[in-house]
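The values are calculated or read from the model by the stated rules, or taken from the named source; none is laboratory data. Because the structure is predicted, anything quoted here is derived from the model rather than measured. Don't worry about glycine lacking a Cβ; one is built from the backbone with ideal geometry, like all the others, and counts go over all protein chains shown. Accessible surface is based on the protein model in full, side chains and every heavy atom, while ligands, DNA and RNA are left aside. Shrake-Rupley method; radii C 1.70, N 1.55, O 1.52, S 1.80 Å.
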Amino acid sequence: MLEIKNLTKSFGNNTAVKNVSFTFDRPMMVGIIGASGAGKSTLLRMINRLADVTSGVISYDGIEVSKLNGKQRRNWQSDCAMIFQQFNLVPRMDVVSNVLHGTLNKRSTLATLFNLYSKDDILRAIEILDRLGVSAHASKRAEALSGGQQQRVAIARALMQDPKIILADEPIASLDPMNAQIVMDTLRQIHDQDNRMVIANLHTLDTARRYCDRIIGMRQGAVVFDGTPDQLTTEAAREIYGADNSFSEAATSTEIREPAMPVMANAVPA
Ligand code: ADP
């Protein structure tokens, strides 16, 4: 499936990602952890081709995506939807239109210019919002929603692309514990129910351990851990974070504390 080989990204003299290699041979839920500046975000941005690689190869089902250009590159970006810490919605636009933006890559320039959406697309957008428990807010401006609701709208926009992979760059870093849990539960259920690969940069160990099948630890651009949550011992975590404050912060964070709640039903608190 997704194979990363000797991937490197340099910004001038600064090597943000150093010779990173790993393979995912089936859709799984992957957590990438590491201190701030470890290269997590640059890695995700290269996978989705928002950033070009300096050297190395990214391939998916045998296609070298690190070399794609033009339309093929845009198609890959559509297969590989991204979710950001700050949600990146259009704040003054209504929720359903924000979700419909997820079809941009697949629409003609004319349809895009005049904001023309098919009835099927609109119904699908509402269906996805419903699945994520936020359809009651479909006609509100995005900025009127709470952070957790906005992140679920951003996930709905990503699902509208029907992506093979969801890349989430610190998806819960701006959320309170309850909303952080709802968003992580949502990502996990999308993985479980749709069999989509989810790769999330996470800044706490607890969250990665609790939600991910595989954890990749980065330090100063390099992969220093690649294994299951069980294999992530305190010693391994120290290797990832160093024995400084960022380790104790990451290890002791109580970002998500409550037991899991259902999220794919309309029973979610709106
Ligand atoms: P993380 O996501 O783990 O916090 P980043 O991938 O954001 O780490 O950053 C890794 C390194 O690359 C840092 O030293 C950062 O300053 C540098 N970096 C990231 N993006 C850019 C950029 N666009 N231009 C220059 N340096 C960058």
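For region 128-148, residues that are part of a helix (DSSP H, G or I) and touching a Leu at 6+ places or on another chain (Cβ under 7 Å) total 6.
For the residues V96, V90, the requirement of being in contact with a Ser or Thr (Cβ under 9 Å, 6 or more places away or on another chain), within 22 Å of D194 (Cα to Cα) and away from the ligand (no atom under 14 Å from the Cβ) singles out V96.
Only one of the numbered conditions (1) at pLDDT below 90; (2) within 14 Å of the chain's Cα centre (by Cα) is not met by L187, and that is (1).
A single entry from Q149, Q181, Q231 fulfils the requirement of being surrounded by 24 or more Cβ atoms within 10 Å (Cβ to Cβ) and farther than 22 Å from R124 by Cα: Q181.
Filter region 195-212 for residues that are open to solvent by 30 Å² or more (accessible area, probe 1.4 Å) and touching a Leu at 6+ places or on another chain (Cβ under 8 Å) and give the result.
We begin by selecting, within region 195-212, every residue open to solvent by 30 Å² or more (accessible area, probe 1.4 Å); these are 195-196, 203, 206, 209-210.
Of everything in region 195-212, just one residue is open to solvent by 30 Å² or more (accessible area, probe 1.4 Å) and touching a Leu at 6+ places or on another chain (Cβ under 8 Å), namely R209.
Within region 141-148, is even one residue hydrophobic (A, V, I, L, M, F, W, C) and closer than 23 Å to S36 by Cα? Scanning region 141-148 turns up no residue that is hydrophobic (A, V, I, L, M, F, W, C) and closer than 23 Å to S36 by Cα. In region 13-64, of all residues being basic (K, R) and within 17 Å of L167 (Cα to Cα), the one that is modelled with the lowest pLDDT corresponds to R26.
If the condition is being touching a Ser or Thr at 6+ places or on another chain (Cβ under 9 Å) and not in a strand (DSSP E or B), then region 18-32 contributes no residue at all.
Looking at region 60-76 only, could you name the residues that are open to solvent by 40 Å² or more (accessible area, probe 1.4 Å) and on the phi < 0 side of the Ramachandran plot? Selection gives I63, E64, K67, N69, K71, Q72, R73, R74, N75. All conditions but one from (1) open to solvent by 70 Å² or more (accessible area, probe 1.4 Å); (2) at pLDDT below 95 apply to A136; the one that does not is (2).
Condition first: within 13 Å of the ligand (Cβ to nearest atom) and either open to solvent by less than 10 Å² (accessible area, probe 1.4 Å) or not in a strand (DSSP E or B) (or both). Now tell me which residues in region 1-12 satisfy that. So that I can check it myself, show each step before the final result.
Step one: of region 1-12, the residues within 13 Å of the ligand (Cβ to nearest atom) are 7-12.
Passing the criteria: L7, G12.
Taken as a whole, the condition of being under 16 Å from G102 (Cβ atoms), at pLDDT 95 or above, of a type in the set (K, R) and surrounded by 16 or more Cβ atoms within 10 Å (Cβ to Cβ) does not apply to R131. Taking the criterion of being of a type in the set (S, T, Y), without any contact (Cβ under 8 Å) to a residue 60 or more places away in the chain and more than 15 Å from the ligand (Cβ to nearest atom), the residues of region 18-59 that qualify are T23, S55, S59. Looking only at region 33-59, count how many residues are of a type in the set (G, A, S), more than 23 Å from R188 (Cα to Cα) and either open to solvent by 50 Å² or more (accessible area, probe 1.4 Å) or not in a loop (DSSP other than H, G, I, E, B) (or both). Qualifying residue count, region 33-59: 5. Scoring T15 on the criteria (1) among the hydroxyl-bearing types (S, T, Y); (2) in a helix (DSSP H, G or I); (3) within 15 Å of the ligand (Cβ to nearest atom) leaves a single failure, condition (2).
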